[in-house]
Structures are given as C-alpha cells and as structure tokens.
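In what follows, a structure is listed as structure tokens, so that the remarks can point back to it.
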Amino acid sequence: MPIPQLKSRTFRRVQRRTPGGKTVQHYHLRKPKQPHCGGCGAILHGIPHERPVIMRNIPKTMKRPERPYGGVLCSKCMRVAIVFKARQG
Amino acid sequence: MTMFDVGRVCYKIAGRDAGKKGVIVEVLDVNYVVIDGATRRRKCNVKHLEPTDQVISVKHGSASEDIAKALGIPFTPKKAKQKKEQVKKAPKATVKKAATPAQKEKKA
C-alpha cells in the first residue's frame, strides 16, 4: 500500500517494469500546464513549462520570446496591441 | 502608388523591435523595404509595418544619424566590437597517481 500522501492526485501514476520482470507503480510529480495568451487564451510558444527548480536555472532569455509582450501575449494579440498604440500616436 | 514610399514614417509591428518607429529609406520590392530609425537598418516586409500619416524628406541613401535627427530620436552609434584578447591559461600541474596494486593486477 502506498503511503497516504502518495494517494493525492498531485502525483501521477506511472507503470514501470523492473529488471526482475514485475510491473510496479511509480509516483511522479506533475509538470505545470502550458502558458496561455493573456488576450485570446491560445497556447504560447517558446516557453518551457517545468517544475520551479528547473525553471529557476534556465536563463531568462530561454524562457520567453524576444519581443514585446513575449510570454504574455501571442504574436497575433501582440500585433493588435502595437497597431493600436501606433495609431494613437 | 502605395503608402510605403521613401520617407514614410512607420511603426514596426512584428519582431523583437516591434513598437519602434522607423523611416522607409529604400523600396526594394512590392513586398520589401529597407527601414531605419529606432530599429537598426534592415530589410523589412511591408506586412510588418504600420504606416503613419507622417512623411519625412529623406534622401535615398541617408546615414542613420541623419534619419535619427529627422525623427527626433536620440542616436546611439553602434559600438565597434572589441576582440577580447585570449589569455592562454597555463596548464595545471597534475600529479599522476601511481597505479595501485589492484589496478596493476587488472591491467595484467
């Protein structure tokens, strides 16, 4: 029987074959879900989604696109925002 | 006659320099122009530009400094990259470990 904390759904169950041939259950921590655009809700590209300890060690430029609103808005929404600003003057 | 003629002030709406102002310096094609200003001098697709109603008198092959003045943007000349002098590191003095009797037996 697993220890009670492993029954939580924050862990995902993975079946693994041992060298002896038995199939055992392993408990893995879940990764965070993919980031979504703040405007339209589309999945953003170029952004890794890993556990905090990994994300802390990735350099900042490898975690978001190199453009305004990179990591916040998708490219389409970003263009709409920039055009709006440009037309204002 | 398109809006994208030499001298037209535009905003870039795509890429890492999106939101920056520039002037069309040269027209290459129906689709491509050369832009300069707050962005560096570069070829650009017309679809990535948002034209404004401002037209500046710009000569065909103006220097970046003149364009920056015309737009009213502070001009920062590009720093020439200085090659770092490669200092050769002296090789570390390593002490070779004498082979232990067990290792000697393995080799044999």
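The values are calculated or read from the model by the stated rules, or taken from the named source; none is laboratory data. For clarity, every value in this text was computed on a predicted model and none was experimentally measured. Cβ coordinates were reconstructed from backbone atoms using ideal geometry, including for glycine residues, and neighbour counts include every protein chain displayed.
Laid out as a table, the results:
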quantity	calculated
Qualifying residue in region A:26-48 (condition: assigned to a helix (DSSP H, G or I) and surrounded by 10 or more Cβ atoms within 10 Å (Cβ to Cβ))	no
Filtered residues of region B:1-59 (kept if among the acidic types (D, E) and either away from every other protein chain (no Cβ under 14 Å) or more than 20 Å from A:Q88 (Cβ to Cβ) (or both))	B:D5, B:E26, B:D29, B:D36
Some residue of region A:74-82 being among the aliphatic types (A, V, I, L, M), away from every other protein chain (no Cβ under 14 Å) and surrounded by 10 or more Cβ atoms within 10 Å (Cβ to Cβ)	no
Residues within region A:57-73 that are in contact with a Lys or Arg (Cβ under 6 Å, 6 or more places away or on another chain), surrounded by fewer than 18 Cβ atoms within 10 Å (Cβ to Cβ) and more than 7 Å from chain B (Cβ to nearest Cβ), tallied	1
Some residue of region A:16-39 being within 14 Å of chain B (Cβ to nearest Cβ) and over 30 Å from A:P2 (Cβ atoms)	no
Qualifying positions in region A:8-53 - outside the structural domain of A:G71 (by TED's automatic domain parsing) and β-branched (V, I, T)	A:T10, A:V14, A:T18, A:T23, A:V24
Tally, over region A:1-25, of residues that are hydrophobic (A, V, I, L, M, F, W, C) and part of a strand (DSSP E or B)	3
Failed item in (1) in a strand (DSSP E or B); (2) surrounded by 13 or more Cβ atoms within 10 Å (Cβ to Cβ), with A:A86 passing the rest	(1)
